[in-house]
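The values are calculated or read from the model by the stated rules, or taken from the named source; none is laboratory data. Remember, it's a predicted structure, so these values are computed and weren't measured experimentally. Here Cβ is always computed from backbone atoms with ideal geometry, including for glycine, and neighbour counts include all displayed protein chains. Keep in mind that these areas ignore ligands, DNA and RNA; they rest on the heavy atoms of the full protein, side chains included. Shrake-Rupley method; radii C 1.70, N 1.55, O 1.52, S 1.80 Å.
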Amino acid sequence: GIAVLPDSQHVITSQYDGSITLWDMGTGRAVRQFVGQAHFSGHTKMVDDIRVTPDGKRLLSGGHDGLVRLWDIETATPIHSSHEKYCDCVAISSDGRLAAHGTSDSGWRLWEIESGQSRSRKERPSTNLLSLAFSPDSKYIVSGDGYGTIQVWDIATDAELFRFDAHRDAVTSL
């Protein structure tokens, strides 16, 4: 994954080996050095998805090792962690208050960034969830799956508002 920070001077990348690196776009050099390497430590397998909060202070990562982590970008230390079988996608609301992560075999979970407390969980074992996104007003979360289905959920009521077959194949990005 790739995430550009709001300052437009830094980019964060995730790699197949589980590493996450903060880069200076002006120099092309790694900014953070951890344990002798320029990586956030903490994932042991491929990092599937990363997102940065709107204020540029936090990073959300999820990977094949099942770890979902919220990081402090300045210190590269984890703030909250969760564990799933594996994590295919992550999302952060535009107001920076909520995060979500999803797996292709068990659905998605919505939680508060500040406290790490779970708000809701949607179990969908028969659906191959691959992508998540929040609406610009942070009132809705949208999910896309491996069968071409898109669902829109109301965050306040936990209700599914729309379900439609948008594509003939996987919805890998929203």
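Straight distance only, please: which lysines reach the Cα of Lys45 with their own Cα at less than 20 Å, same-chain residues fewer than 8 apart left out?
Straight-distance partners of Lys45: Lys85.
Placing unit charges on C-beta atoms (Lys and Arg positive, Asp and Glu negative, everything else neutral), compute the dipole magnitude of the chain about its Cα centre in debye, rounded to 20.
Rounded to the nearest 20 debye, it is 160 debye.
Which order, highest average first, do 156-169, 93-106 follow once you tally other Cβ atoms within 10 Å for each residue and take the mean per peptide?
For the peptides 156-169, 93-106, the packing ranking is 93-106, 156-169.
Whole number in Å², please: accessible area per residue of the chain, 1.4 Å probe, ligands, DNA and RNA not counted.
Computed with neighbouring chains in place, this is 50 Å² per residue.
Of (i) 41, 40, 29; (ii) 46, 29, 28; (iii) 125, 24, 20, which one was derived for Cα extents along the principal axes in Å from the structure shown?
Computing Cα extents along the principal axes in Å and matching it to (i) 41, 40, 29; (ii) 46, 29, 28; (iii) 125, 24, 20 gives (ii).
Have a look at Val4, His167, Ile20 and report the one farthest towards the positive end of the charge dipole of the chain, computed about the Cα centre with Cβ charges (Lys/Arg +1, Asp/Glu -1).
It is Ile20.
Highest mean first, how do 47-56, 19-28, 130-139 rank when packing is the count of other Cβ atoms within 10 Å averaged over residues?
Most protected by this proxy first, the peptides run 47-56, 130-139, 19-28.
At a Cα cut-off below 19 Å, give the lysines reachable from Lys139, other chains included and same-chain residues fewer than 8 away excluded.
Excluding near neighbours in sequence, the set is Lys122.
Note down the relative contact order for the chain as a percent, whole number, built from C-alpha pairs under 8 angstrom at least six residues apart.
12 percent
Roughly how many percent of the accessible protein surface of the range 1-106 is carbon and sulfur, given a 1.4 Å probe and a whole-percent answer?
Carbon and sulfur: 50 percent of the exposed surface of the range 1-106.
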